[in-house]
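Below is one structure, written out as structure tokens; comments come after it.
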Amino acid sequence: MGKGITIIFTMAFAAGTWLLFHPVQQREATLEFWVFARTHYQGYISAVDRFEAAHPGVTVDLQLVDHRAIANRLQSAFWADLDTPDLVEMDIGGAGVFSRGPIDQAGFADLRPWLESSGYLDRFVSTRLAPYTNRGRIFGIPHDVHPVMLAYRKDLFEAEGIDVSRLATWEDFMREAHRITIPNQRYMLELSNNTSAHFEMFLFQRGGGYFDATGNLMMDNALALDTLLWYVPLIAGPERISASLEGGGGIGMGQIFTQAIENDYVLCFLCPDWRVQFIETDAPRMKGKMALAPLPAFEPGGRNVSTFGGTMLGISKKCAAPELARELAQALYLDKKEVAVSFRALGILPAFKDAWAMPEYHQANPYWSGQCVGEAFINVAGDVPPQHTSAYLDTAKIAMGSVIASCGSYYSKYGAAGFQTFAEQRLKEAAQDVRRAMTRDPFREDKP
């Protein structure tokens, strides 16, 4: 047969023999549930135990899977018609991948009929359904609101004579920031100079974004350019009022960020609800010195909140027990007591508004100078701007981070001279790169 054919035959025989004695294990659990966040996983363990106790004979295989692995494995499973988990939590950045192409070929089940018939649909913060809605179908239940507020050193603000209630607009804020910032010693705000993380919070606050509701890229429209021209002088040049601190996704976390807060290097930071618990854990010495306030608006009376991040829960079309899967989803996301327990552990404001009446959201928190943190986020949650996702959302975010880094470098060297032209050109180039990637999409004729 020849050496090549012999090798191929031998390998095939060996592989077949191995599979014969090592058959693929059949799934034994009633439901398989993937989550990507360790904090969610730990919080769900007790909830899943209670669910199993209430459903004798039912078992739930709760698995912690890296968010990149979820995206890759799940996408392959959907396309290749392989076995899939019954329920999956997805990061907002990857959710758009699973609803592109012919709508009837989406791997997740449309949850709109269930949410409408059960009366749950109108009990969510409406803007939080937007990222997981495509062509009228809802492929995921929103886990959270993730409103963004301003966290600040209350003790230092008082020492500097700053009344946070009078910082109604970003213009008011910048006036105080320029007054108290001391280059290389003290900065008013934490902002990234090489990722899109903080920039997008401002862009969302102004009603912009990377994509619109129909899936069209808008990262280079007039609003995005205007926000970029406003943002870069805050992070670069002799008049900058911010420090860029290393952290996951451009958001300062860990030792460097903790030292910056504790050593008075940074006085404020943008604070999504999920960040509250991290700050309490990482910077315990700041107990009683921190406080939260609504974001300054871009114009008098304007929106004073933004958003950052998000998670959805989807149910696979291949789920053999869809009714039971919906019951588990209901237990984790729509049971007020379970959701309140999650808030106590994670500090994340749920998108299910009924839960907000629970006492856990109305308790004073000594770390945050006695504020009711839950109430503070609830008070702004109704105005949280929508995010619209896409299969190319992560691509657009990376491209925007590159724009911010190059614009910051330019502004540090040359200042305002020629900056607007440079920024507009870089923004358009980055958007063109994203659009080129989108044109290679085999499903490009099936617009959202």
Options GLY288, GLY302, GLY254; residue that is within 17 Å of ASP383 (Cα to Cα) and not polar (S, T, N, Q): GLY302
Just to check your reading of the model, which residue among ASP226, ASP220 is free of Cβ contacts under 8 Å to residues at least 40 places away in the same chain, among the charged types (D, E, K, R) and under 30 Å from SER412 (Cα atoms)? ASP226
Among the residues of region 33-56, how many are at pLDDT 95 or above, open to solvent by 20 Å² or more (accessible area, probe 1.4 Å) and not in a helix (DSSP H, G or I)? 2
Filter result for PHE108 (crowded, with 17+ Cβ neighbours inside 10 Å, touching a Cys at 6+ places or on another chain (Cβ under 9 Å) and in contact (Cβ under 8 Å) with a residue 60 or more places away in the chain): no
Test ARG303 against the stated conditions and say whether it is open to solvent by 40 Å² or more (accessible area, probe 1.4 Å) and not in a helix (DSSP H, G or I). yes
When (1) open to solvent by 40 Å² or more (accessible area, probe 1.4 Å); (2) under 29 Å from VAL145 (Cβ atoms); (3) touching a strand residue (DSSP E or B) at 6+ places or on another chain (Cβ under 8 Å) are applied to ARG435, the one that fails is (2)
Only residues that are β-branched (Val, Ile, Thr), farther than 29 Å from GLN371 by Cβ and open to solvent by 10 Å² or more (accessible area, probe 1.4 Å): list them for region 112-168, please. THR133
If only one of LYS318, LYS337 is among the basic types (Lys, Arg), free of Cβ contacts under 8 Å to residues at least 40 places away in the same chain and either over 27 Å from ILE182 (Cβ atoms) or part of a strand (DSSP E or B) (or both), which one is it? LYS337
Give the residues of region 365-377 that are part of a helix (DSSP H, G or I) and farther than 30 Å from MET219 by Cα, sorted by residue number. PRO366, TYR367, TRP368, VAL373, GLY374, GLU375, ALA376
Suppose the filter is out of contact with any helix residue (DSSP H, G or I) (no Cβ under 8 Å at 6 or more places or on another chain) and among the β-branched types (Val, Ile, Thr); does THR421 pass it? yes
Hey, among the residues in region 235-260 that are more than 23 Å from the chain's Cα centre (by Cα) and part of a helix (DSSP H, G or I), which one's farthest from ALA416 (Cα to Cα)? GLN259
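Table: residues versus (1) surrounded by fewer than 22 Cβ atoms within 10 Å (Cβ to Cβ); (2) over 16 Å from PRO385 (Cβ atoms); (3) within 19 Å of the chain's Cα centre (by Cα).
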{"residue": "ARG186", "(1), (2), (3)": "yes, yes, no"}
{"residue": "LEU189", "(1), (2), (3)": "no, yes, no"}
{"residue": "SER196", "(1), (2), (3)": "no, no, yes"}
{"residue": "GLU200", "(1), (2), (3)": "no, no, yes"}
{"residue": "GLY207", "(1), (2), (3)": "yes, no, yes"}
{"residue": "ALA213", "(1), (2), (3)": "yes, no, yes"}
{"residue": "MET219", "(1), (2), (3)": "no, no, yes"}
{"residue": "TRP230", "(1), (2), (3)": "yes, yes, no"}
{"residue": "PRO233", "(1), (2), (3)": "yes, yes, no"}
Mind checking which pairs have a first residue in region 84-104 that is over 23 Å from PRO386 (Cα atoms) and a second that is of a type in the set (Val, Ile, Thr), Cβ under 7 Å, 6 or more apart or different chains? ASP86/ILE315; LEU87/ILE315
Do we have any residue at all in region 378-390 that's open to solvent by 30 Å² or more (accessible area, probe 1.4 Å), in contact (Cβ under 8 Å) with a residue 12 or more places away in the chain, under 23 Å from PRO147 (Cα atoms) and assigned to a strand (DSSP E or B)? no
Enumeration of residues in region 399-436 that are free of Cβ contacts under 8 Å to residues at least 40 places away in the same chain and farther than 18 Å from PRO238 by Cα: SER402, THR421, PHE422, GLN425, ARG426, GLU429, GLN432, ASP433, ARG436
For region 82-94, the count of residues that are open to solvent by less than 10 Å² (accessible area, probe 1.4 Å) and either assigned to a helix (DSSP H, G or I) or at positive phi (or both) equals 2
Tell me, which residue of region 391-423 that is within 18 Å of the chain's Cα centre (by Cα) and among the hydrophobic types (A, V, I, L, M, F, W, C) is surrounded by the fewest Cβ atoms within 10 Å (Cβ to Cβ)? ILE398
Take ALA320 and tell me if it is closer than 19 Å to VAL373 by Cα and open to solvent by 60 Å² or more (accessible area, probe 1.4 Å). no
Hey, any hits in region 148-169 for a residue that's of a type outside the set (A, V, I, L, M), within 22 Å of ARG275 (Cα to Cα) and not in a helix (DSSP H, G or I)? yes
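The values are calculated or read from the model by the stated rules, or taken from the named source; none is laboratory data. The structure presented is a predicted model; accordingly, all values stated were derived computationally and were not measured. Note: ideal-geometry Cβ built from the backbone for every residue, glycine included; neighbour counts use all protein chains shown. SASA here: full protein model, heavy atoms, side chains in, ligands and nucleic acids out. Shrake-Rupley method; radii C 1.70, N 1.55, O 1.52, S 1.80 Å.
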